[in-house]
Amino acid sequence: MSKRQTNEWVENLDGSRLNALESAELDELLNSPVQQTVGKTVRSLPPESVSLQWRSALNEKLRGLQPVGEKASILIIGFRALAGVGLASLVCLALYSKFAPPSAPRKANSQNVASALIAEHRDSVASSEIAGPGIVDGESESKNTADGSDSTSADLETL
C-alpha cells in the first residue's frame with residue numbers, strides 16, 4: 001500500500017465501523033516496524049504531569065487569542081439587533097403613515113392669536129407686580145418656614 005493511499009484512507013476515517021478489509025489494513029499499519037518503534041519510545045518516556053505554570057501560560061495565550069473572535073461576534077450581534085430595531089421602526093412608521101387618520105390643519109385666526117398674546121402679557125405683568133422685585137415667579141407661591149420645610153400652622157399645631 002502506497003503512502004498516498006494510506007493518507008487518503010486515514011483521512012476518510014470518521015469514527016464509523018470498519019469493514020473486515022479496512023480493519024486488516026489498519027492492523028497492518030499499526031503493526032509496522034515504524035509504529036512499533038514509536039510505541040516503544042513513548043512507553044520509555046517518564047510519566048510526567050504537565051506543570052501548572054506551563055498550563056497557565058497556555059491559558060493566557062489562548063485568552064489573548066479568544067477575545068478577538070468574541071468582540072467580532074458581539075459586534076455582529078449588536079449590529080443585527082440594531083438593524084432589526086431600525087427595520088421594525090421603519091415598518092411601524094410606514095404603517096402609521098398609511099393608516100393614521102388624516103388630521104386637518106388648524107388655521108390660526110389672527111384675532112385669537114393676538115388676544116392670546118395680550119392676555120399672556122397681562123398675566124405676566126400682574127404676576128411680576130405681585131411677586132415684587134428680586135423674587136422669581138415660582139418663589140412667591142411656596143410657603144417655606146425658616147428651616148426650609150413646607151409646613152403650615154395647622155401642621156405645627158398637631159405637634
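Computed from the coordinates by the stated procedures, all read-outs in this text should not be read as laboratory data. All values derive from a computational prediction rather than experimental measurement. Because the Cβ atoms are built from the backbone with ideal geometry, glycine has one as well, and the counts that use them run over all protein chains shown.
Per-structure values
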{"read-out": "Footprinting exposure proxy for SER128, SER44 (fewest neighbouring C-beta atoms within 10 Å first)", "value": "SER44, SER128"}
{"read-out": "Sorted by Cβ neighbour density within 10 Å, fewest at the top, the residues GLU60, GLU48", "value": "GLU48, GLU60"}
{"read-out": "Peptide ranges 75-84, 97-106 listed from the most packed, as the mean C-beta count within 10 angstrom indicates", "value": "75-84, 97-106"}
